[in-house]
1. Mind listing P(r) for the stretch 1-50? All alpha-carbon pairs, 10 Å bins, whole percents.
2. The stretch 41-78: which trypsin sites (Lys or Arg not before Pro) are DSSP loop and have at most 16 other beta-carbon atoms within 10 angstrom?
3. Given the stretch 9-87 reduced to its alpha-carbon atoms as identical point scatterers, what log10 I(q)/I(0) does the Debye formula return at q = 0.10, 0.11, 0.16 Å⁻¹?
4. Per-residue accessible area for S36 at 1.4 Å probe radius, Å² rounded to 10?
5. Report the trypsin sites (Lys or Arg not before Pro) located in the stretch 2-32 that are in a DSSP loop and have at most 14 other Cβ atoms inside 10 Å of their Cβ, or state none.
Amino acid sequence: MALPKVSVATGNAVLGELRGDRGGKRIQELLGRLESANPCIARFIHQLSNRRPQSAEVYAAALVVYRLLESQDDADRLKEEFIWEDDLPSPASRNSN
């Protein structure tokens, strides 16, 4: 399975989510999900960030990338499971068949 290609819309949504009033709480929730769902990645991020003088920045960047991929995966799955109005053929194209 390939990693999802993150859209600008997803990037903007994640940025808004993390910059919002509950941004700190969201980061803690994300860290909990990461440690539960992907302990190997969580350990890798922790070890990598501890070896760098800018450990907080490394940790934050890794968490943001993880959230972007997680969020895009959710969006892609929802799009596959539901038919969105934009995905339906227009009435004109349905009549031309």
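The values are calculated or read from the model by the stated rules, or taken from the named source; none is laboratory data. Here the structure is a predicted model, which is why all the values come from computation and not from measurement. Cβ atoms come from the backbone with ideal geometry, glycine included; neighbour counts cover every protein chain shown. Accessible surface areas use protein heavy atoms only, side chains included; no ligands, DNA or RNA. Shrake-Rupley method; radii C 1.70, N 1.55, O 1.52, S 1.80 Å.
1. So the P(r) values, bin by bin, are 22, 38, 39, 1.
2. Numbers: sites: R43, R51, R67, R77; in loops: R51.
Qualifying residues, ordered by number: R51.
3. With no solvent term, the Cα-only Debye profile gives -0.29, -0.35, -0.67.
4. 100
5. Details: sites: K5, R19, R22, K25, R26; in loops: K5, R22.
Those satisfying the criteria are K5, R22.
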